[in-house]
Every structure is written in C-alpha cells, then in structure tokens.
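This report refers to the structure that appears directly beneath it.
Nothing in this text is a laboratory measurement; each read-out follows from the coordinates by a stated rule. This is a predicted model, so every value here is computed, not measured. Quick reminder, even Gly has a Cβ in these numbers, built from the backbone with ideal geometry, and neighbours come from all protein chains shown.
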Amino acid sequence: MSARVRLLDIRPLRESRAFRDLWTGSAAAQLGGQAATVAVLAQVWELTGSPVSTGAIGLATGVPTVLFGLLGGALADSVDRRAVVRTTTAGQLLAALGLWGQALAANRNVLLLLALVATGAAFSALGAPARRTLPVRLLPSDQVAAGLALTSVSFQAAMLAGPAMAGLLIARWGFSAAYAAQAAAAALAMLSVIRLPAMRPGGADAANCGRRTGRGGGRRAERGGGCRPQRGGWCRAEPGGWRVVLRRPTLWGSLATDLSATLLAMPIALFPLVNEVRFGGDPRTLGLFLSAVAVGGITAGLVSGTVTRRRRGGLVQLVAASAWGVALAGFGLAGELWAALACLAVAGAADTVAVITRGALIQLETPDAYRGRVSSVEHVIGVAGPELGNFRGGLLASATSASFALVTGGLSAALVIAAVAAANAPLRTCRTRPAGLPTR
C-alpha cells in the first residue's frame, strides 16, 4: 500500500457539496459540544464536588438517548430524513441557548443544569439516526468509510480544541462564555443542513460484506437478515431495528463490541477525581486529559486510509476496541503525568479506529430501508453506552477509588470483547467490498 493511500482520504469533501456542507456544520457543532461538555463537567463539580454528580451527567445524557433514539430511527425510516435533521438541529440550538441562559443567570441548581443537558441529548438522539444515514446516501459506496473517517477526525479535532477553548473562555468570562460558543456553533450547524437534498427512506443500497439482494446479480440476501426481497430485488423494511441487528451476527457483534468498550471502561467522569488526587487539581491538567485522547484520535484519523481501505473491518474493530480497554487500564495505573497522557493518546487512537470501522460496517451491512432504525440502535449504544459507563465509573470510584474503577473497567472490557470475538466468527471474517478502492 503506497504512502498516499495510507493518509486521510478527502475525496468526499472534494467531490460532494452536500457532504461538505454537512461535514462543516457537524464539525462546528462538535467543537461547540466539546466546549459545553467541559463547562458542564466543571460547573457540576463546582456545585457539588461529587464524582457521583459528575457521573450523573452521563445519566442525564444516556436516559434521553435510549428513550428518543429508537423513536428517531422510526422517523428516519418513514419521513424525509432531511426534515428530521433540520427539526432536531433546531431543538439542539434551543437547548444550547437554555444552557447559556442559566449560566448568565448564575444558576446554582444542578438539577436545572442536568435537565437542560437532557433536553439537548433528547433532540440529538431524535435526529442522530437520520443524520447517520446521510453519508451513505450522499457518497458513493467506495467513499463511505472515508466520509466517516473525516467525521471522526473533525470530532477528534473538536476534542483537542474544544476543551482548551472552554478553559480559556471559562477562565476569562465564566461558564456563560463556553455555552455561548456552543450556541453559536449550533446556529452554524442549523445553517449547514438548509441546502441538503431531500432524502426519503428506501434509496438504493450499498454493498454489504459482499451480499446484496439484486436482480440478475447472482447474490441473495443473507439468511435471517430481517428483510424480504420485493419486486426489483430490494428489501421492504419490517418494524424494529433491534430485530434486524439481532438477526445479523455482524451487526450485533459490532454493536456488542462497542457497548462492552464504553459501558465497562469509559473514563471521562473520573478525570476530575484523578486530576485532584494525583496531579493537584490543576484545571489545565484536566484539559490535557481530554486533549491527549484527541491527539491520539487525530493521529489515527490522519492515517485512516490504512483502515478505510481494508476489507476486514470487523476484525480491525475487535482489535482496536480491546486496545482501548487495555490503554485505559494503563491510565488507571499511571503515576506520572506523561505516562497518563500517553495511555490516553493510545486509547484515543484505538477508539477512532474502532468507531470508523464500526460505522462503515453497520451502514454497508444494512439495507437502506432499515438504516434509520438500525442507526437508531447504533446511536443508542454509541451515546448511551459511554454516558452510562461514566455513571458506572463514578459510582464505583466513589465506593472504591478512581484507579480501581479504571483498571477493572478497562481489563473487563478487553475480556468481554475477546469473548465476543470468540463467539462471532461472521464478525471476525466479514469482508466489505466497496467498489473502486484498493483493498487488502
């Protein structure tokens, strides 16, 4: 593989105006969201000084995600996905304005703060399934993984810049400045979806691990895939994204891998406690923790051509998710700041690889008539898993210690992922075949 194809593939930005608009708005929203994440974490810690309360941020995000995520999937498979994305993006803007307002009013009620966080999470969950289906509709199949890699890089860049920006804004002007930045970014995200084309569900499918129902193609739908071939060879959706996921080993295995990694090993809620116990509570160090994860993620993203051009996405995800757990266990044991940051950078790189491969595999494995509902399942697991994992970590650390919660969580995640790999041969051997890419 040449050095050129190992690097980040930017063809989606170059060749698709609609994807470029979507990516720009999403990148802005991610930057504002990261700034708000730090502000909420710091504000809750200032109000309560409790790791259980910082863990409750995850609960405030995770519960609405579960409740509204599946509803969002049904919407995405029944109405114009562009309309869903526009409406929910507007709701997220209103929630961001609410966070800004409570900070301006010097709110001291942590329940109000968490309620506004939950409102933003609800709108995000309602729109996320539709939003997740957009790249595979806006891009040719050979660029889907590259589009997801670009999205991951923008998220990691936001993780790098967002906390630093939030720290500066909070230090100079208080929490309201960080929330104002989030509101401005949400407004830009709203503008970015205005020009998207109409996208009703049921469009042409992408290839999925070499299997697609198609007239004259000589290939049949995977048995138990959860859809019925109709005239023209495509599939008519049946209700329930969970049903489709559970019938396809590649889908449930990929999502089980992600859930194991995040529910058992998510470390964010423990960062303030680790910082205070080991490194003196300096807020700059807290920002470095988040930035180290982002540095690892960006580094992996910049050489993501190595990942997006490989066929064995399931195997790559399994290895990367296991590395995430082991790296976080190392963070729990690290006594020096440089060692802690190095472990977090490795974790960030592993997470980026796992997210890219999981996202591409799920979108390419799922017929378009199902993508909204399956994407809603992916979103529920992808968001609720980390947030509930943060809550789990906060509870365990309050009863034991941050080190114990991190080490046991990371090693448990790696062991469970190994069990998924052993039990799920289709995921280990699945080979995606996007057209037009040199693959290995």
Zone residues, the stretch 101-117, relative to Glu46, backbone N less than 12 Å from point 7 Å out along Cα-to-Cβ:
103-109
Nearest 0.05, what FRET efficiency do Ser412 and Arg195 give at R0 = 51 Å with Cβ-Cβ as r?
0.65
Cα axis of helix 17-48 to longest principal axis of the chain: angle in degrees, 0 to 90, nearest 10?
30
Computed label-point distance, nm, for sites Ala90 and Asp282 using a 7 Å Cα→Cβ extension
4.7
Sorted on mean Cβ neighbours within 10 Å (highest first), peptides 189-196, 419-426 come out as 189-196, 419-426
Pick out, from Leu263, Gly394, Trp45, the residue whose Cα sits farthest towards the positive end of the charge dipole of the chain, with +1 on the Cβ of Lys and Arg and -1 on the Cβ of Asp and Glu.
Leu263
Expressed as an acute angle from 0 to 90° and rounded to the nearest 10, what is the orientation of the C-alpha long axis of helix 81-104 relative to the principal long axis of the chain?
0
Cα-based shape type of the chain, given that a ≥ b ≥ c are square roots of the gyration tensor eigenvalues and the cut on a/c is 1.5:
prolate
Can you tell me the orientation of helix 175-192 relative to the chain, as the angle in degrees between its alpha-carbon axis and the longest Cα principal axis, to the nearest 10?
20
Please compute the contact order of the chain in relative form: average sequence separation of alpha-carbon pairs under 8 Å and at least six residues apart, divided by the residue count, as a percent.
28
Among Leu71, Leu344, Leu264: highest mean-square fluctuation, GNM of the chain, C-alpha pairs under 10 Å
Leu71
With only helices counted (DSSP H, runs n ≥ 4, each -39500 (n - 2.57)), the per-residue ellipticity at 222 nm for the chain, to the nearest 500, works out to -25000 deg cm²/dmol
Taking the Cα centre of the chain as origin, sum charge times position over the Cβ atoms of Lys and Arg (+1) and Asp and Glu (-1), and report the length of that vector in debye to the nearest 20.
2100
